[in-house]
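So the structure is just underneath, and the comments pick up after that.
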Amino acid sequence: MTERETGLDRPRMSVQNLLSLCGRRAEVKAGMADRAAPGAAAHPGERHSLPRSVAIGALLFALAGLLLQAWRVQVLHASMDQGIFLQVMANGLRGHPFASTLSSQLSTNVIHAGELPALGYRRLGQHFTPILVIWMPLVGLLGRWALPLIQVGVMTAAGLVLFQLARERLPAGPASWITLSFYGANAVLGPTWGNFTDLCQLPLAIFVLLLGLERRSAWLLVPSALAVPLIREDTGVLLVGVGLWLAVRQPRRWPLATALALWGGGWVVLVTNVLMPLFSDDNSRRFMVENFGQYIPGEQQASSLEVLRSALTRPALLLQELVSPPRQTLTYLAAQGLPLMFVPLISLDSWLLMGLPLLGLLLAQGDNNPLSINIRYTLLVVPGLFAGTILWWQRHPQAWRSRRLRRIWALCLALSLLFTLTGNPNRSLSWLIPDSVRPWVYSTPWRQWQHGQRARSLLALIPPDASVAASTQLIPPLAAREVLVRFPDHHAYRDRSGQEKPVDWIAVDLDWLERYGVAFRRDRYFLRRSLEHLQELPRSYGVRRVDDGVVLLQREGEEDPHEEAELQRLLKRLRTIRWLEKDPD
């Protein structure tokens, strides 16, 4: 094969070089050319060997993900969600499954009723995620490193299963391009590089399910179909989408389509209306109202069925929410379709498979923007997006013969990677890219590393069984303990008997908040509140250590006049910052 034939520039290793491996070379290795079999796999039902390009893509994806996750952990860029999952699993190993004081801090009892976070609160009232129990032994073995390994590992595996799924219907060339597009998609990279999320398990489970349907394998189909709704309370909706697609495209399999839809949809109804209320009122009083409150005006509490019934009586509002805000909606759809050359946006199969979860995102609202391409919710849409693309290419095999079209696809994938990198998703690339340009906010890698190490040396002074209140960035390193709450929101909790207790230690990273508070309102808000609460703490808390802007206090500990004076100098300097009072909340 000559350079002229591939249309690529060999001297440079570029996206097109990588993609060319799956364009023709992979087909030669598979023993088939596009002209000979334009729309079918070589050996349906069998495991297909990986082309070198896919293996390289998977390896690069895994290495980049693990390195960036390790960096985030070490320089304190992981945050509260990471701590919640670690505490949930660590408490499960102690015999208190799904218990979390961090989750309790986000409960309706704390937010709406003004109670203290409670020891023994179970997160299942907020998110029903029983499948997490399978990862608890790994957390016990690897500690805080287990979560990055799980997230990157299952997302890498999802891409490999996607390739096998694509090869059931496509030659190696387009199957490889689709897989590499998965590894280069903003909707995949963003969440993978961020805090741990239970939804990272979803693409793998759905791809295995669809592979089981293709191969008519009960060994693949049944376990994955059982697992999908157990990932989270709303993931059963994806099974309804798979059932709908199966009924439309393969009507003879309507009994299986019906079973999948009933299992997925029925589980969502059962969990949100019966099982979750057994643990707390968070789903009805918090999440339904916060995410879908526009459909139940004036209501302080509603079940998922009540929200659905009320929304259906407001068709005009539903249509408005579907496209509002229009620019953000179009940007989100474009970002999802870009690495696949926008094929999913014209594929009926993609819309059938991803339509229901996408509809939920378009109709929802909340503090965490459901239409952000970099956060966990986008993983609800990803499986249907890519599976539908496979089916479109099977129905349009002649399009694959166009060299120009493949070049356009390569350009789209390159743009997706470029937008992902320059977007610095979840601050995972802050060592390379400024967090803000106006005003300028950038910390050099060695500055971040040095600060992380000095902060960890202070946290090492805290006994592993002590109760702690910590600022957001210090939560993940401390999360394997039973009692941990976020400061400055709280520095006390309720024990299992209901008694209020102050925490033993308080750890606050004022340097981190100062660095980012100049540009980000949320960090500025937490810095302002932290300064206020540190000044108002009872005298029983003595300063144990101050280092690089990280403050460590101990209740009933020995007072150190030198460290106390250092803290007062730090607080005095921070109070003089001019931008601190901007954008008051």
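The values are calculated or read from the model by the stated rules, or taken from the named source; none is laboratory data. Bear in mind that the values here come from a model prediction, so they are computed numbers and not experimental data. Using ideal geometry, Cβ is built from the backbone for each residue, glycine included, and neighbour counts are taken over all protein chains shown. Protein only, heavy atoms only, side chains kept; ligands, DNA and RNA dropped before computing areas. Shrake-Rupley method; radii C 1.70, N 1.55, O 1.52, S 1.80 Å.
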Pairs with Cβ under 6 Å, 6+ apart, first in segment 299-312 and within 15 Å of Thr272 (Cβ to Cβ), second in a helix (DSSP H, G or I) and charged (D, E, K, R): Gln301/Arg285
First in segment 59-72 and farther than 19 Å from Leu160 by Cβ and among the small types (Gly, Ala, Ser), second anywhere and open to solvent by less than 60 Å² (accessible area, probe 1.4 Å) and assigned to a helix (DSSP H, G or I), Cβ under 9 Å, 6 or more apart: Ala70/Pro148
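Yes/no per residue for (1) open to solvent by less than 90 Å² (accessible area, probe 1.4 Å); (2) more than 28 Å from Gly266 (Cα to Cα); (3) part of a loop (DSSP other than H, G, I, E, B); (4) not aromatic (Phe, Trp, Tyr):
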{"site": "Pro297", "(1), (2), (3), (4)": "yes, no, yes, yes"}
{"site": "Leu308", "(1), (2), (3), (4)": "no, no, no, yes"}
{"site": "Glu321", "(1), (2), (3), (4)": "yes, no, no, yes"}
{"site": "Gln328", "(1), (2), (3), (4)": "yes, yes, no, yes"}
{"site": "Thr331", "(1), (2), (3), (4)": "yes, yes, no, yes"}
{"site": "Gly337", "(1), (2), (3), (4)": "yes, yes, no, yes"}
Which numbered condition Gln568 misses (of (1) at pLDDT 90 or above; (2) over 21 Å from Thr472 (Cβ atoms); (3) assigned to a loop (DSSP other than H, G, I, E, B)): (3)
Out of Leu102, Leu63, Leu149, Leu76, sole residue that is over 16 Å from the mean Cα position of the chain (by Cα) and open to solvent by 10 Å² or more (accessible area, probe 1.4 Å): Leu63
Number of positions in segment 438-491 that are assigned to a helix (DSSP H, G or I) and touching a Pro at 6+ places or on another chain (Cβ under 6 Å): 1
Residues satisfying the stated conditions in segment 372-392, i.e. over 17 Å from Ala205 (Cα atoms) and surrounded by fewer than 24 Cβ atoms within 10 Å (Cβ to Cβ): Ser372, Asn374, Ile375, Leu391, Trp392
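Yes/no matrix, rows are residues, columns are (1) within 23 Å of the chain's Cα centre (by Cα); (2) within 16 Å of Leu86 (Cα to Cα); (3) not hydrophobic (A, V, I, L, M, F, W, C):
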site: Ser457; (1), (2), (3): no, no, yes
site: Ala466; (1), (2), (3): no, no, no
site: Gln473; (1), (2), (3): yes, yes, yes
site: Tyr493; (1), (2), (3): no, no, yes
Pair list, Cβ < 9 Å and 6+ apart or interchain, from segment 93-120 residues that are more than 20 Å from Leu474 (Cα to Cα) and acidic (Asp, Glu) to residues that are open to solvent by 10 Å² or more (accessible area, probe 1.4 Å) and not in a helix (DSSP H, G or I): Glu115/Arg494
In segment 353-410, the residues that are within 26 Å of the chain's Cα centre (by Cα), in a helix (DSSP H, G or I) and polar (S, T, N, Q): Thr378, Thr389
Selected residue (criterion: modelled with the highest pLDDT) from residues of segment 435-473 that are within 29 Å of Gly184 (Cα to Cα) and in contact with a strand residue (DSSP E or B) (Cβ under 6 Å, 6 or more places away or on another chain): Gln473
Restricting segment 313-334 to residues that are in contact (Cβ under 8 Å) with a residue 40 or more places away in the chain and aliphatic (A, V, I, L, M), the residue that is farthest from Gln294 (Cα to Cα): Leu322
When residues of segment 551-585 are limited to those that are closer than 25 Å to Ser467 by Cα and either among the polar types (S, T, N, Q) or in contact with a His (Cβ under 8 Å, 6 or more places away or on another chain) (or both), the one least open to solvent (accessible area, probe 1.4 Å): Gln554
Complete set of residues in segment 231-260 that are of a type in the set (Val, Ile, Thr) and over 17 Å from Arg215 (Cβ atoms): Ile231, Thr235, Val237, Val240, Val248, Thr258
Tally, over segment 209-264, of residues that are part of a helix (DSSP H, G or I), open to solvent by 20 Å² or more (accessible area, probe 1.4 Å) and either among the polar types (S, T, N, Q) or within 23 Å of Ser303 (Cβ to Cβ) (or both): 7
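Does at least one position in segment 527-535 carry a residue that is assigned to a loop (DSSP other than H, G, I, E, B) and not basic (Lys, Arg)?
No, that holds for no residue.
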Residue match in segment 447-466 (condition: open to solvent by 10 Å² or more (accessible area, probe 1.4 Å) and either within 17 Å of Leu68 (Cβ to Cβ) or aromatic (Phe, Trp, Tyr) (or both)): yes
Hits in segment 190-203 - residues which are open to solvent by 10 Å² or more (accessible area, probe 1.4 Å) and hydrophobic (A, V, I, L, M, F, W, C): Trp193
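Please verify whether segment 422-439 includes one or more residues that are of a type in the set (Phe, Trp, Tyr), surrounded by 14 or more Cβ atoms within 10 Å (Cβ to Cβ) and farther than 28 Å from Ser372 by Cα. First the steps, then the outcome.
If we filter segment 422-439 for residues that are of a type in the set (Phe, Trp, Tyr), which is where we start, we get 431.
Imposing the further condition that a residue be surrounded by 14 or more Cβ atoms within 10 Å (Cβ to Cβ) reduces the set to 431.
Narrowing further to those that are farther than 28 Å from Ser372 by Cα: none.
Checked against the condition, which is being of a type in the set (Phe, Trp, Tyr), surrounded by 14 or more Cβ atoms within 10 Å (Cβ to Cβ) and farther than 28 Å from Ser372 by Cα, segment 422-439 yields no hits at all.
For every residue, the table says whether it meets (1) among the small types (Gly, Ala, Ser); (2) free of Cβ contacts under 8 Å to residues at least 12 places away in the same chain.
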residue: Gln336; (1), (2): no, no
residue: Ser347; (1), (2): yes, no
residue: Ser350; (1), (2): yes, no
residue: Gly355; (1), (2): yes, no
residue: Asn368; (1), (2): no, yes
residue: Thr378; (1), (2): no, no
Cross-chain or 6+ apart pairs with Cβ under 7 Å, segment 399-414 first and closer than 14 Å to Phe342 by Cα, then hydroxyl-bearing (Ser, Thr, Tyr) and modelled with pLDDT of 95 or more: Leu413/Ser181
Residues (open to solvent by 20 Å² or more (accessible area, probe 1.4 Å) and either of a type outside the set (A, V, I, L, M, F, W, C) or closer than 16 Å to Lys572 by Cα (or both)) located in segment 512-533: Glu514, Arg515, Arg521, Arg522, Tyr525, Arg528, Arg529, Glu532, His533
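Against the definition (out of contact with any Cys (no Cβ under 7 Å at 6 or more places or on another chain), polar (S, T, N, Q) and either open to solvent by less than 10 Å² (accessible area, probe 1.4 Å) or without any contact (Cβ under 8 Å) to a residue 24 or more places away in the chain (or both)), how does Thr156 come out, yes or no?
Working: out of contact with any Cys (no Cβ under 7 Å at 6 or more places or on another chain): yes; polar (S, T, N, Q): yes; either open to solvent by less than 10 Å² (accessible area, probe 1.4 Å) or without any contact (Cβ under 8 Å) to a residue 24 or more places away in the chain (or both): no.
The answer is no for Thr156.
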Residue list for segment 420-438, filter: farther than 14 Å from Val75 by Cβ and in contact with a helix residue (DSSP H, G or I) (Cβ under 6 Å, 6 or more places away or on another chain): Thr420, Pro425
